[in-house]
Amino acid sequence: MKRTAVGGLLVAMVLVGVAACATTSDAPATPSLYKRLGGREGIAGVVDAFVANALADARIGPAFKSLPADKVGPLKTNIADFICENTGGPCSYGGRTMKDSHRGLGLDKADFDACNAALAKALDSKNVAAADKEQVMKLVASLMNDIVEKG
């Protein structure tokens, strides 16, 4: 290849690269799931609604009601931090692993499903979009093996 052809090819490649960068940088970025959930404040609202729903559920309410009052705030913070971190937010979950957090509680699939129902109801009550709700529920579903101890 002659120098002018190589130079022309390089110029063409640079121009294509510049055009591609301009196209992608001009396009609005899709906000993270964290932002679509309303950020930290939105997630905290979902967590508050989740705990209220769980307390009201005859299947899992007694377990939540047995939690000492001074543990409710930290529990809500841990849940919110976990959701925040796993949806693209700036938070860091500092709690124990899901397996360690639920070890010895003897939770079964029905308990897990009841918690999921309480969360789904909370997401609905906060008008979370269906696609975003589905992503949150998939995140939670991925934790089942670490939470459920009994068949």
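The values are calculated or read from the model by the stated rules, or taken from the named source; none is laboratory data. What you see is a predicted model; the values in this text were computed from it and never measured. Here the Cβ is made from the backbone with ideal geometry for all residues, glycine too, and neighbour counts use every protein chain on show. Just so you know, the surface numbers come from the protein's heavy atoms only, side chains and all, with ligands and any DNA or RNA stripped out. Shrake-Rupley method; radii C 1.70, N 1.55, O 1.52, S 1.80 Å.
State all residues of region 43-60 that are closer than 17 Å to H102 by Cβ and either surrounded by fewer than 16 Cβ atoms within 10 Å (Cβ to Cβ) or touching a His at 6+ places or on another chain (Cβ under 8 Å) (or both); if no residue qualifies, say none. If the condition is that a residue be closer than 17 Å to H102 by Cβ and either surrounded by fewer than 16 Cβ atoms within 10 Å (Cβ to Cβ) or touching a His at 6+ places or on another chain (Cβ under 8 Å) (or both), then R59 is the only one that fits. Can you confirm whether region 44-56 contains a residue that is farther than 21 Å from K126 by Cα and not hydroxyl-bearing (S, T, Y)? Checked region 44-56: no residue is farther than 21 Å from K126 by Cα and not hydroxyl-bearing (S, T, Y). Could you check how many residues of region 84-133 are under 19 Å from D48 (Cα atoms), open to solvent by 50 Å² or more (accessible area, probe 1.4 Å) and of a type in the set (D, E, K, R)? Within region 84-133, residues that are under 19 Å from D48 (Cα atoms), open to solvent by 50 Å² or more (accessible area, probe 1.4 Å) and of a type in the set (D, E, K, R) number 5. Just one of the numbered conditions (1) closer than 23 Å to V148 by Cα; (2) open to solvent by 50 Å² or more (accessible area, probe 1.4 Å); (3) touching a residue at least 60 places away in the same chain (Cβ under 8 Å); (4) not hydroxyl-bearing (S, T, Y) is not true of R36: (1).
Within region 70-80, none of the residues are open to solvent by 60 Å² or more (accessible area, probe 1.4 Å), touching a residue at least 40 places away in the same chain (Cβ under 8 Å) and of a type outside the set (V, I, T). Candidates S101, S32: the one that is out of contact with any Phe, Trp or Tyr (no Cβ under 9 Å at 6 or more places or on another chain), at pLDDT below 95 and of a type in the set (S, T, N, Q) is S101. Scanning region 134-151 for residues that are exposed (fewer than 14 other Cβ atoms within 10 Å of the Cβ), among the charged types (D, E, K, R) and touching a residue at least 12 places away in the same chain (Cβ under 8 Å) yields one hit, K150.
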